[in-house]
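Novice: Pasting a structure here, questions to come.
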Amino acid sequence: MPAPTHRLSTRVRYPETDRMGVAHHSHFPVWFELGRTEWMREIGCPYGEMEDRDGVFFPVVDLGVRYLRPARYDQLLEIETRLASSEGVRVRFEYVIRDEGGSTLATGHTVHASVGRNGRPKRLPVDIRERLVAGMGMERER
């Protein structure tokens, strides 16, 4: 069974920074997406496969970020991602971004709606829901 939390490392790249070498705030949600995409791949639900095979898409319907410390050019970041809940047609991911010393730079969340190709809410197929719940490290929801 996959770990309930996924960790991914990346470096702050030059185009992500301002003249002071500080990462622009808009890149934190992009780093969240990197972590989420890899978490989904790790539990056996790569986005492309889910979209092509099952016709399920996960648009973001809510996003929050709490900035605690700046991320700087060439700094190694660890993106910790976990699925906090999967209820009905909504899933909520939570994130922690830390520097290589373990200091928390930002925390955040995204909420996604499960929708079909037509953009309307769609119940998650049973196999996807089971993988999500297993990825949370919990028993299957009833």
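Taken together, the values in this text are just the output of simple stated rules run on the coordinates, not laboratory data. Treat the numbers as computed from the prediction; the structure is a model and nothing was measured. Cβ placement follows ideal geometry from the backbone for every residue including glycine, while neighbour counts extend to all protein chains displayed.
Novice: Once phi is turned into ³J(HN,Hα) by the Karplus curve 6.51 cos²θ - 1.76 cosθ + 1.60 with θ = phi - 60°, what whole-Hz value does each residue of region 48-60 show in order, with x for glycine and proline?
Specialist: Per-residue couplings from phi come out as x, 5, 4, 6, 5, 7, 9, x, 10, 10, 10, x, 6 Hz.
Novice: Taking the Cβ-Cβ separation of Arg41 and Arg120 as r and a Förster radius of 22 Å, what is the calculated FRET efficiency to the nearest 0.05? Mind showing how you got there, number by number?
Specialist: Details: r = 26 Å, r/R0 = 1.18.
Calculated value: 0.25.
Novice: Place +1 on the Cβ of every Lys and Arg and -1 on the Cβ of every Asp and Glu in region 1-108, take the dipole about the Cα centre, and give the residue among Val61, Gln75, Phe28 whose Cα lies farthest towards its positive end.
Specialist: Farthest towards the positive pole: Gln75.
Novice: Treating the angle as unsigned and between 0 and 90°, give the value, to the nearest 10°, between the Cα long axis of helix 126-135 and the longest Cα principal axis of the chain.
Specialist: That works out to roughly 40 degrees.
Novice: Which log10 I(q)/I(0) values, to two decimals, does region 46-142 give at q = 0.18 Å⁻¹ under the Debye formula with one point per Cα?
Specialist: -0.88
Novice: Can you tell me what percent of all Cα-Cα pairs in region 1-105 are more than 18 Å apart? It would help to have the intermediate numbers written out before the result.
Specialist: Working: 2800 of 5460 pairs.
That tail contains 51 percent of the Cα-Cα pairs.
Novice: Right, next: Å³ per residue of the Cα convex hull, for region 86-142?
Specialist: Details: hull volume 6.3 nm³, N = 57.
Taking the convex hull of the Cα positions in region 86-142, it is 111 Å³ per residue.
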